[in-house]
Every structure is written in C-alpha cells, then in structure tokens.
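Structure, as structure tokens:
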C-alpha cells in the first residue's frame with residue numbers, strides 16, 4: 001500500500017468518521033461496540049481500498065450495516081451492548097418525567113433485534129427510502145417495510161413493559 | 001404511529017450524539033486492514049490449490065478390489081485436503097498465523113489423515129501422490145515432500161526452500177514444481193524436482209510474475225518467530241503438466257526452454273490455466289471481471305463481479321472473488337472474499353457458469369471446521385466414493 005493511499009485513507013476517515021460513528025452508535029447502542037463496528041468496517045475498506053470506486057463512505061456504511069445484521073460478526077459484539085449502562089445514567093428523582101420515558105424508549109430500541117434496529121436507523125435516522133435501505137441491507141423493499149412495521153409494534157410493547165416495570169420498582173423502593 | 005416515529009427519531013439522534021468520535025480510528029483501521037490483507041492472501045494463496053486434471057486416467061491404479069462404476073462425479077467436486085481451522089484465539093491474535101495441520105483424503109476409504117505440513121498440492125491424476133511443503137516454522141525448510149495418499153507417508157527431497165506455498169505435482173506424479181526465491185538477485189524462479197531421483201532443475205520464469213514478498217509471524221512452541229514469505233499474486237496462473245510448464249502465458253519445456261506462448265489478451269492477468277486448454281484471466285483494467293480465453297485467444301466466457309449501493313451517495317465496488325477450481329466444463333468455483341465472513345466462508349463457495357453468468361451457492365462437504373481447502377474435480381474418484389463425498 002503506497003504512502004499516498006495511506007494519506008488518502010486517513011483523509012477520508014478524518015472527514016467522514018463523525019457521520020459514520022453516529023450511525024455505528026445508533027446501530028449498536030454502545031460506544032465500545034460502535035467503535036468495534038466502525039473500525040472493522042474501516043479495516044475492511046482499507047484492505048480493499050484500491051478496488052473501492054466512488055464514495056468510500058457508502059462502502060463503509062454498507063459494511064457496518066451488513067456486519068451488524070450478520071450472525072457471525074455480531075456475536076462478538078453482542079455482549080457489549082450496554083443495556084444496563086442506560087439505566088445507570090437515569091435520574092431516579094425524575095421517576096415520572098420525560099427522562100424515564102426517553103430511557104424506556106432507548107432501552108426498548110436496544111432490545112430490538114439487530115435487523116429491526118438496522119432498518120429503524122436507516123429509515124428513521126438516516127431517512128433512507130425503502131429501496132435504499134433494502135440495497136444497504138441486501139434484502140427486498142418489502143422486507144424493509146415489514147421489518148419497520150414489526151419494529152415499531154415491538155417498540156410499543158417493550159416501551160410499555162419497561163415503563164410499567166420501572167414504575168412498579170420505584171413505588172416499591174419508595175415504600176421500603 | 002407518527003408520534004412514535006418522531007420519538008424514535010429523536011432518541012436515535014440523541015443516542016448517535018451521545019459519544020465523541022474516538023481517536024486514532026484511521027491508524028488502527030490501517031493496521032487491522034494490513035492484517036486482514038495478510039490473512040486474505042494466506043487464505044487465497046492455498047485455499048484451493050486447484051488445477052483440474054488434464055487427462056482422466058483410470059482409477060484402477062489404486063488397487064481397489066471393487067469394480068469401478070461409471071463416474072458419479074462429473075461436474076462435481078470433492079475436498080482433497082483441508083487445513084484444520086485455527087481457534088478463535090488464534091484468529092483474533094493480531095500478528096500470528098496458526099500452526100499448520102492438514103487433513104488429506106485417502107481415496108480408497110474416503111477418510112482423511114492428518115499431516116503436519118505447511119501446504120498440500122492437488123493430487124496427481126491417479127490420486128496417489130501430492131506435493132507437500134514443510135511447515136513455515138519448520139527448521140528444515142530446504143526440502144519438499146511427496147505425500148502418498150494410500151499410506152500417509154511422506155518422502156522428503158533435499159531441494160531449495162519453497163518461497164510460496166503453492167506447489168504443484170505433474171499429472172503423472174513424477175515431478176513437483178514450486179516457486180523459490182533467489183536472495184541474491186531478489187528474483188523469483190521455479191524449481192522442478194524429479195520425484196523419481198530427486199534431481200532439481202531451476203527454471204527462469206518470465207518477468208512480471210514476481211510474487212509479492214511479505215513477512216509473517218508464527219508461533220513456534222511458545223515463541224513468536226518471524227519468517228519471510230513470498231505470496232504470488234496469481235497463484236493459479238501457472239500449470240505443471242507431464243512434459244511442459246505454462247507460466248504467465250509462456251510455455252516452457254521441463255528444461256526451462258521456451259517453446260511457445262498461450263494467446264492471451266494484452267496485459268491480462270492469468271488467474272488459472274485450464275488443463276487441456278483455455279485460461280481464466282482478469283482482463284487489463286477490469287479488476288472485477290473474469291474472462292475465459294480458449295486456445296486460439298478468443299473470449300468464450302465472461303463474468304463481471306460488481307455490486308452497487310443505490311443510496312444517495314451511490315458507489316460501486318469491484319468484488320474480486322478468489323478462484324477455487326474448475327467445476328465441470330463450463331463453471332468455476334469461487335469464494336467471494338469481500339463478502340465472506342470468518343470461518344463459515346471456507347465451506348461455502350459459489351459455482352459460476354462462465355457462459356451464462358448464472359451463480360449458485362455450493363456447500364462444501366468437510367469433516368470439521370476448516371481454513372484452507374484443496375478442491376479437486378470428482379471425476380477421478382470411484383463412483384461410490386464420489387457419490388459420498390462430492391458436492
């Protein structure tokens with residue numbers, strides 16, 4: 001790999017890592033897992049740097065999405081999804097306020113399956129169309145639509161569950 | 001529904017902004033990228049030391065006492081040798097390659113024997129012999145071995161140390177050919193070893209096929225040792241036959257004398273020489289294309305490998321799969337290195353029809369988790385065995 005290619009790659013990472021890390025964070029829910037995901041995708045891109053034409057950011061993005069929904073690559077990171085760390089940052093005095101609702105929803109997001117979360121990130125955060133999301137994930141637009149529908153339905157269920165559980169726990173704590 | 005989506009959008013945005021970008025991403029990615037390239041080169045280098053047999057000899061030489069039924073392996077393949085899969089710890093270790101252990105087919109029983117060798121060639125036509133090279137961490141590097149498939153014995157010959165782990169054996173099993181590296185000139189050359197008497201003949205090869213020099217580290221016992229290796233960019237672009245050597249479009253006799261050329265498009269890169277005629281090439285400037293060239297130089301098949309993302313920032317990537325072998329008369333076996341992931345990939349290949357471009361997945365039959373594979377056409381296997389182990 002020539003020095004000029006290393007320089008071009010470094011420049012590319014410097015210019016795009018902010019946007020890519022945001023997506024990685026949304027996909028994984030934790031900064032360690034996000035860093036692993038992004039770095040793996042960047043390493044793959046660097047290994048094929050000579051063969052990447054056009055905008056390499058799309059290549060990295062696609063690599064992240066596909067790695068996230070790939071069973072093998074996800075397994076190593078799965079343990080790192082910090083569900084509990086979300087609760088650790090909760091403000092317990094704000095039991096019935098916006099913070100708890102937000103944390104409940106965020107916990108619910110993290111409890112979605114990787115494919116459903118990937119569809120949500122692509123469609124909702126990145127605002128991609130069904131066709132673009134399908135191309136990114138390597139599935140049909142119909143699958144994207146059905147996954148989004150199920151993801152939102154599941155979110156409603158989980159968020160409601162978490163809200164009730166939390167409410168019960170806080171009441172119990174206040175009584176003891 | 002709309003309100004929930006808005007809340008999800010807001011939460012995802014907050015989550016996405018919850019941590020700053022870590023430092024040193026590019027440097028770490030480049031280091032990991034280099035490791036990935038090295039592993040890929042090592043895998044691609046020996047994953048399938050394949051060239052299909054030019055002459056189909058009867059399998060009776062194996063002295064099996066059952067009658068040989070008609071071939072059940074036409075258009076199918078079998079695993080001749082498989083490298084034992086490294087552990088997850090070895091795979092995750094940044095600078096090591098796993099110690100070698102290969103399982104090699106006994107063509108009489110269909111079982112596999114384990115051999116501690118660095119790499120295994122495809123077998124001779126009668127499936128009795130293959131060439132093996134010493135493990136990379138072996139102290140006695142200056143030798144090459146002839147492996148007997150029926151007994152598992154290896155006969156070692158004193159010879160220049162192999163520089164690229166891609167040996168070949170002539171179809172009649174009488175000669176071994178492999179790359180060596182002259183440290184004085186820095187040039188790569190080929191060594192031919194007569195397996196009947198051990199005589200070594202150095203062969204000057206055409207310029208332009210210089211393998212890439214690299215350095216790898218491996219565990220020897222508990223010590224980490226470093227070795228220089230050459231890795232050919234075009235591992236299958238040469239073929240040793242009974243009476244000639246085809247290298248980079250040039251035909252040489254076994255004394256190294258140039259006797260002819262193979263008609264290839266200008267500047268194309270030979271990927272694999274097809275026994276009996278024809279060459280698979282990568283045309284000049286077309287990284288993501290394989291083309292089949294017949295003996296007259298005409299293009300008789302052409303398959304592009306290109307995948308595109310159609311998002312806003314659309315781009316395309318040339319996928320350059322690793323050639324694994326010929327499948328029947330019209331197809332090749334490839335593994336898509338770019339889209340494969342980890343240890344599953346060695347057992348999944350794609351069969352591609354070079355004329356129609358039709359592509360389908362082939363599941364390789366292996367004993368256990370494997371790394372590199374040597375895949376052969378199943379034509380020479382006895383019918384019952386071919387039916388059992390071919391894919």
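Summary of computed values
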item	result
Simple spin-label estimate for residue B:17 and residue B:353 in nanometres, 7 Å along Cα-Cβ	5.5 nm
Exposure proxy ranking, count of Cβ atoms within 10 Å, fewest first, for B:76, A:22, B:359, A:50	A:50, B:359, B:76, A:22
Peptide-level mean, for A:34-40, of C-beta atoms on other protein chains within 10 Å	4
10 Å Cβ neighbours from other chains, averaged over peptide A:134-144	1
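Laboratory data are not the source of any read-out in this text; all were calculated from the coordinates shown. Predicted model only: the values in this text are computed from it and were never measured. In this analysis, Cβ positions are derived from the backbone assuming ideal geometry, glycine residues included, and neighbour counts consider all displayed protein chains.
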